[in-house]
Amino acid sequence: WDNADFSRGVGTTFYQEFLTLNTAKPPFVRDVEAKVRRYLRSSYSAAWTLKITWERAPAYTAWTDTRRTITYQAILTTDGFRSYVLMLYQEGGMQWDYTRLAATNVLIGYT
């Protein structure tokens, strides 16, 4: 979640929470469940899901270049016992020029 810089007024971040325990599931949550089932080949029924979107996010430091932005999402979901994260990037992948970033140890994803 690091190294996006919104200090120049370019880009935004927003989130949407889905509480689905004992309620009807919206199509988005059903799609997340299907992805977890397909990728992990196991049964899964979400009790809670959080979608975070970084839209047109410029890389840190934005004062050097606000033209190259990226839109990406993290979807966190749990059934109360198991938790998963889906990392989704816009078509074409990461648009930041990693050679111009302040840090040289760039990692997309999580550890």
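Worth pointing out:
- Ala46 being open to solvent by less than 30 Å² (accessible area, probe 1.4 Å) and in contact with an Asp or Glu (Cβ under 7 Å, 6 or more places away or on another chain): yes
- In region 68-111, the residue that is most open to solvent (accessible area, probe 1.4 Å) out of those that are among the hydroxyl-bearing types (Ser, Thr, Tyr) and modelled with pLDDT of 90 or more is Ser83.
- Output for region 18-67, where each listed residue is part of a loop (DSSP other than H, G, I, E, B), touching a Lys or Arg at 6+ places or on another chain (Cβ under 8 Å) and modelled with pLDDT of 85 or more: Ser43, Tyr44, Ala46
- The sole residue among Thr61, Thr53 that is touching a residue at least 12 places away in the same chain (Cβ under 8 Å) and under 21 Å from Thr99 (Cα atoms) is Thr61.
- Filtered by the rule that a residue be farther than 14 Å from Thr77 by Cβ and either touching a Cys at 6+ places or on another chain (Cβ under 6 Å) or loosely packed, with under 13 Cβ neighbours inside 10 Å (or both), region 9-37 gives Gly9, Thr12, Thr13, Phe14, Asn22, Thr23, Ala24, Pro27.
- Candidates in region 1-16 are the residues that are in a loop (DSSP other than H, G, I, E, B) and closer than 15 Å to Met87 by Cα; of these, the one that is modelled with the lowest pLDDT is Trp1.
The values are calculated or read from the model by the stated rules, or taken from the named source; none is laboratory data. Because the structure is predicted, anything quoted here is derived from the model rather than measured. Don't worry about glycine lacking a Cβ; one is built from the backbone with ideal geometry, like all the others, and counts go over all protein chains shown. Side chains included, ligands, DNA and RNA excluded: accessible areas come from the protein's heavy atoms. Shrake-Rupley method; radii C 1.70, N 1.55, O 1.52, S 1.80 Å.
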